[in-house]
Amino acid sequence: MSRLKATYIKNLRVEKGMTQQELADLVNVRRETIVRLENGNYNPTLSLAVDIARVFEIAIRSEEHTSELQ
């Protein structure tokens, strides 16, 4: 995962006043998974990405399709 995306997820979590453990509990993963995700050391599965998007009420975009539209 790119550093920008990892930072974005961390920023969303912090803006919501949520701990890494709280986010992990909401998406049914270990806190260590969130740490790795936020550090850019883990690419989430589609399922996890969808769960995180639901928590933060954001849409998921495909980089592949986004670049085609620009």
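Of the helices (runs of 4 or more DSSP H) that lie entirely inside region 1-60, those containing 3 or more residues that are basic (Lys, Arg) span 3-15. Residue 5 satisfies every condition listed in (1) at pLDDT below 95; (2) over 10 Å from the mean Cα position of the chain (by Cα); (3) charged (D, E, K, R) except (2). Applying a threshold of 7 Å to beta carbon distances and a minimum spacing of six or more residues, or different chains, the list of pairs starting in region 40-64 at a residue that is within 16 Å of residue 22 (Cα to Cα) and open to solvent by 50 Å² or more (accessible area, probe 1.4 Å) and ending at one that is at pLDDT below 90 and not in a helix (DSSP H, G or I) is empty.
The values are calculated or read from the model by the stated rules, or taken from the named source; none is laboratory data. The model shown is predicted, which means the values in this text are computed figures rather than measured ones. So basically every Cβ, Gly included, is an ideal-geometry build from the backbone, and we count neighbours across all protein chains shown. Please note that ligands, DNA and RNA were not included when accessible areas were found on the heavy atoms of the full protein model with its side chains. Shrake-Rupley method; radii C 1.70, N 1.55, O 1.52, S 1.80 Å.
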